[in-house]
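What follows is a set of notes on a single structure, which appears directly below.
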2 protein chains.
Amino acid sequence: MKERKGAPDEPIRMPITIEEGIDFSIIELMFFAYRDFTSDPDEILADYGFGRAHHRVVHFVNRLPGLTVAELLEVLQITKQSLARVLKQLIDTGHIVQVQGLRDRRQRELYPTAKGRNFLLMLARPQSRRIHAALEGESAAGRLSIERFLKGMVNPELRAQIDHLPGNMSGKDDGKQ
Amino acid sequence: MKERKGAPDEPIRMPITIEEGIDFSIIELMFFAYRDFTSDPDEILADYGFGRAHHRVVHFVNRLPGLTVAELLEVLQITKQSLARVLKQLIDTGHIVQVQGLRDRRQRELYPTAKGRNFLLMLARPQSRRIHAALEGESAAGRLSIERFLKGMVNPELRAQIDHLPGNMSGKDDGKQ
DNA sequence: TAATTTATGTCAACACTGCTGACATAAATT
DNA sequence: AATTTATGTCAGCAGTGTTGACATAAATTA
């Protein structure tokens, strides 16, 4: 019994391409695109002793000032222990302040300070430049396709949440047309 | 001297929207899209005691069978110590085999086994479903816009590399038109 | 042939950011 | 008065990136 149908550890020399209709090309484009998209802020963050998680917190606190800790956890979908580490640092460094809730005094409303707002702008600028460059020459229809695609990649349960963020046309492009 | 121009730790109550022309909406769409895009394979990987790094290695070894360790490091842009950890596990579990280079016997050519190929298909299937759903109803022009955008997000130096992966129309959509 | 460079592997330590489990406090609700 | 809720905190672990140092075998150069 030598070499029956494909010995288990035989090297496969044929590249995978569109097996089963799977588009590996887009899968790896997502990897490359996201890696490079995050690389610019990552470098800046490192200069401040921060990481990517800090960017996310600063981003959403600037986007939704006054949101509570529980709401932030819901948006980020991480545990409170993960958040605590980075949030504490951002508060200690004066980028974010907590304000006790008025209705419910257990809640801590999170707000950016001027320092925190400027910090987000610093992080977002290179990403914005990259986005503008990637959209250069795209028609309005093309841009809509791109936004529709990105939104379509998000789990359906969360799309509503996205619509409620400032500057997003609520309910637009809900999938079917 | 009480409260001059914006006390440093004053909470800012105004949401950030399109300050300086920065599109925060697309920035956070990238975050949500990538997070959910990776969540499906992540769950499967966890069942096998693997992580996202294993997926990447299996992906590129299947896409470029016979590539050397140095070439894989170049594509992934990580250090050999990072790679060593996950590559060793994939070899020990029979997903990948190493073949000594013919021209240069120092090199280790990496190939997937049948097990490794099937594993990649298992990981890629849910991602492919998500992509197809997100592209549903898009015109050919819309799909081109989306691919052009993703490619445009990648650092220019690396775009050539992407073109050389199997199934990618080389040189297509190089930015200018 | 001898010396050097290259491709790869390995050991150790550290950083960041997820996770779980456990426990504490204050405020709201029942 | 008892319970639930919102938040905080301590401790430990996992995955994946990093740097630095050193080892080996094979290729290249002098």
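The values are calculated or read from the model by the stated rules, or taken from the named source; none is laboratory data. Because the structure is a prediction, the values reported are computed rather than measured. All Cβ positions, glycine included, derive from the backbone under ideal geometry; neighbour counts span all protein chains shown.
Annotations for the structure displayed:
- Taken across region B:57-73, residues that are assigned to a loop (DSSP other than H, G, I, E, B), within 11 Å of DNA strand D (Cβ to nearest atom) and touching a residue at least 24 places away in the same chain (Cβ under 8 Å) do not occur at all.
- Out of A:Gln81, A:Gln89, one residue alone is surrounded by fewer than 21 Cβ atoms within 10 Å (Cβ to Cβ), away from chain B (no Cβ under 14 Å), near DNA strand C (Cβ under 7 Å from one of its atoms) and at pLDDT 95 or above. It is A:Gln81.
- Of all residues in region B:113-164, those being of a type in the set (Phe, Trp, Tyr) and either out of contact with any helix residue (DSSP H, G or I) (no Cβ under 7 Å at 6 or more places or on another chain) or at the interface with another protein chain (Cβ under 7 Å from one of its Cβ atoms) (or both) number 1.
- For region B:94-107, a residue qualifies if it is within 16 Å of B:Val58 (Cβ to Cβ), in a strand (DSSP E or B) and out of contact with any Gly (no Cβ under 6 Å at 6 or more places or on another chain), and the qualifying residues are B:Val97, B:Gln98.
- Residue in region B:58-70 that is hydrophobic (A, V, I, L, M, F, W, C) and more than 15 Å from DNA strand C (Cβ to nearest atom) present: yes
Residues are listed down the side, and each one gets a yes or a no for (1) within 30 Å of B:Ser145 (Cβ to Cβ); (2) among the β-branched types (Val, Ile, Thr):
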| position | (1), (2) |
| --- | --- |
| A:Arg35 | yes, no |
| A:Gly49 | no, no |
| A:Val61 | no, yes |
| A:Leu73 | no, no |
| A:Leu76 | yes, no |
| A:Thr79 | no, yes |
| A:Gln89 | no, no |
| A:Ile96 | no, yes |
| A:Lys115 | no, no |
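- Among residues of region B:32-53, those that are more than 7 Å from every other protein chain (Cβ to nearest Cβ) and within 26 Å of A:Gln161 (Cα to Cα), counted: 7
Residue-wise test of (1) of a type outside the set (Phe, Trp, Tyr); (2) over 13 Å from B:Glu28 (Cβ atoms).
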residue	(1), (2)
A:Phe32	no, yes
A:Arg35	yes, yes
A:Ser39	yes, yes
A:Ile44	yes, yes
A:Phe50	no, yes
A:His59	yes, no
A:Asn62	yes, no
A:Gly66	yes, yes
A:Val69	yes, yes
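- Among the conditions (1) within 16 Å of DNA strand D (Cβ to nearest atom); (2) free of Cβ contacts under 8 Å to residues at least 24 places away in the same chain, A:Pro112 misses just one, which is (2).
- Filter pass, A:Gln107 being away from every other protein chain (no Cβ under 11 Å), more than 7 Å from DNA strand D (Cβ to nearest atom) and farther than 25 Å from B:Asp23 by Cα: no
- Every test in (1) at the interface with chain B (Cβ under 9 Å from one of its Cβ atoms); (2) at pLDDT below 90; (3) not in a helix (DSSP H, G or I) is passed by A:Asp173 save one, and that test is (1).
- Condition check for A:Arg13: in a helix (DSSP H, G or I) and out of contact with any Phe, Trp or Tyr (no Cβ under 6 Å at 6 or more places or on another chain): no
- Cβ separations smaller than 8 Å between residues 6+ apart or across chains give the following pairs from region A:77-92 residues that are without any contact (Cβ under 8 Å) to a residue 12 or more places away in the chain to residues that are among the charged types (D, E, K, R): A:Gln77/B:Arg35.
- Evaluated against (1) within 26 Å of B:Asp42 (Cα to Cα); (2) in a loop (DSSP other than H, G, I, E, B), B:Gly137 falls short on exactly one condition, (1).
- Residue tally, condition among the charged types (D, E, K, R) and either within 11 Å of DNA strand D (Cβ to nearest atom) or over 17 Å from the mean Cα position of the chain (by Cα) (or both), over region B:35-56: 4
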